[in-house]
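Here the structure comes first, spelled out in structure tokens, and everything after it is commentary.
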């Protein structure tokens, strides 16, 4: 059962990251293991704008909330794009391997420290296994924040399949531009 943060069917309002963080925060005095945010994203050394964005976001969050929670990373890879990562990367999701989706979902659900999953979404990252990606989203039993890096107002039918479940599964949705927010609100 997922914790309901915002009304997922009301696409005109987007849950706030602050709401998700506050509703899943446990005071350090009452919890021996600090809560963990798992960021699923491409990550350096991969040369990718989303990888750089995620690294910068993590650094900014750690600067602002240094003793509040831990942040770990699940690097998104494919058979043709593999790297050696820093220690911060605890998991690797090879989107070309169907079994990786199930394995990662089990790791997330079985780890009590992981309190929030933050997914950096770009359609091309999951292009070889869209249906498995959708099933993966539905399997995660933790609050899910999805950041859309591309929102196209009129998508070809091939993109309609992954977009709707992302919107319906996420507890909080974010887009990088106001135009994107308006486009998402119309879905």
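Among the residues of segment 50-63, is any touching a helix residue (DSSP H, G or I) at 6+ places or on another chain (Cβ under 9 Å) and under 24 Å from residue 137 (Cα atoms)?
From segment 50-63, those touching a helix residue (DSSP H, G or I) at 6+ places or on another chain (Cβ under 9 Å) are 50; that's our starting set.
Next, only the ones that are under 24 Å from residue 137 (Cα atoms) stay: 50.
Yes - at least one qualifying residue is present in segment 50-63.
Given the conditions (1) touching a helix residue (DSSP H, G or I) at 6+ places or on another chain (Cβ under 7 Å); (2) buried (at least 17 other Cβ atoms within 10 Å of the Cβ), report the number of the one that residue 69 does not fulfil.
So residue 69 meets the others, but not (1).
Looking at (1) touching a strand residue (DSSP E or B) at 6+ places or on another chain (Cβ under 6 Å); (2) surrounded by fewer than 17 Cβ atoms within 10 Å (Cβ to Cβ); (3) not in a strand (DSSP E or B), which is the only condition residue 45 fails?
With respect to (1) touching a strand residue (DSSP E or B) at 6+ places or on another chain (Cβ under 6 Å); (2) surrounded by fewer than 17 Cβ atoms within 10 Å (Cβ to Cβ); (3) not in a strand (DSSP E or B), residue 45 is out only on (1).
Is one or more of the residues making up segment 92-104 surrounded by fewer than 18 Cβ atoms within 10 Å (Cβ to Cβ) and in contact with a helix residue (DSSP H, G or I) (Cβ under 6 Å, 6 or more places away or on another chain)?
Within segment 92-104 (the criterion being surrounded by fewer than 18 Cβ atoms within 10 Å (Cβ to Cβ) and in contact with a helix residue (DSSP H, G or I) (Cβ under 6 Å, 6 or more places away or on another chain)), the answer is yes, since at least one residue qualifies.
Select from segment 133-155 the residues that are within 20 Å of residue 94 (Cα to Cα), modelled with pLDDT of 90 or more and surrounded by fewer than 18 Cβ atoms within 10 Å (Cβ to Cβ) and list them in ascending order.
139
For segment 48-66, give me each residue that is loosely packed, with under 13 Cβ neighbours inside 10 Å and assigned to a loop (DSSP other than H, G, I, E, B). Full working, then the answer.
The initial filter retains those residues of segment 48-66 that are loosely packed, with under 13 Cβ neighbours inside 10 Å, namely 49, 56, 59-60, 63-64, 66.
Within segment 48-66, 66 is the sole residue that qualifies.
Can you find a residue in segment 123-132 that is closer than 14 Å to residue 40 by Cα, in a helix (DSSP H, G or I) and modelled with pLDDT of 85 or more?
no
The values are calculated or read from the model by the stated rules, or taken from the named source; none is laboratory data. Remember, predicted model here, so these are calculated numbers, not experimental data. When we count neighbours, we look across all protein chains shown, and the Cβ atoms used for this are built from the backbone with ideal geometry, even at glycine.
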